[in-house]
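Some notes on the structure that comes next.
The values are calculated or read from the model by the stated rules, or taken from the named source; none is laboratory data. Treat the numbers as computed from the prediction; the structure is a model and nothing was measured. Reconstructed Cβ throughout: ideal geometry from the backbone, glycine too, with neighbour counts over all protein chains shown.
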Amino acid sequence: MQETVKKDYVIRSDKLKAKAVRTYMRVGSLAKTAELLDVPFSTMQSWKYRTNWWGELTKRFQEEADRKLASRMDEVVAKAVEQIEERIENGDKILDSKTGDVINVPVKMRDLTAATKTLSERTDVLLGRAAKDSIAKEMVADKLAKLAKEFASFSKGKTFDGETGELIDEGQEDLSVILEADED
């Protein structure tokens, strides 16, 4: 631990502070972090709750961890896709109980459909398509609701004649009805 004593204060190194943040992120306890690093608990509390750098370091370290995880997941997904491609091309390997040989049989349609659906959905999520689609649907629904309100307020006191496509003011009689009654 690097320390410099200055006017009754112990100035801790940036390296120790970074180590404190990383340790806290790993163990999730200030008391345990203080114990592991041999730093007074009150100092740990002060660093976490009274400084800006603690939050900034936490955010930076979390982003770094997220990038590493994303990279590892990319590798896993690539390997899984390779395995799926291999099975699509060559089929599933099964043991022929009669001959004792391992043979390839075509992949079942149910398995292909499930794999394709899952891969498509995950690809859409990764590329942000799912979010865009749901936002677009919400926007359309909002516009339709707004139009429905406007139409309702516009047509108050009026009814819609489905045959002629005209709005009829309910306060007035339908002229066609009057004319038909007059002809009788």
Within the bounds of the range 40-61, is there any residue that is among the polar types (S, T, N, Q) and surrounded by fewer than 11 Cβ atoms within 10 Å (Cβ to Cβ)?
-> yes
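Check whether at least one residue in the range 83-95 is of a type in the set (A, V, I, L, M), at pLDDT 75 or above and not in a helix (DSSP H, G or I), and report yes or no.
Yes, the conditions are met somewhere in the range 83-95.
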Check the range 79-92 and report whether any residue there is loosely packed, with under 11 Cβ neighbours inside 10 Å and at positive phi.
-> no
Test: GLU3 is at pLDDT 90 or above and either closer than 30 Å to VAL125 by Cα or more than 26 Å from the chain's Cα centre (by Cα) (or both) = no
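Return yes or no: is ARG12 surrounded by 11 or more Cβ atoms within 10 Å (Cβ to Cβ) and out of contact with any helix residue (DSSP H, G or I) (no Cβ under 7 Å at 6 or more places or on another chain)?
yes
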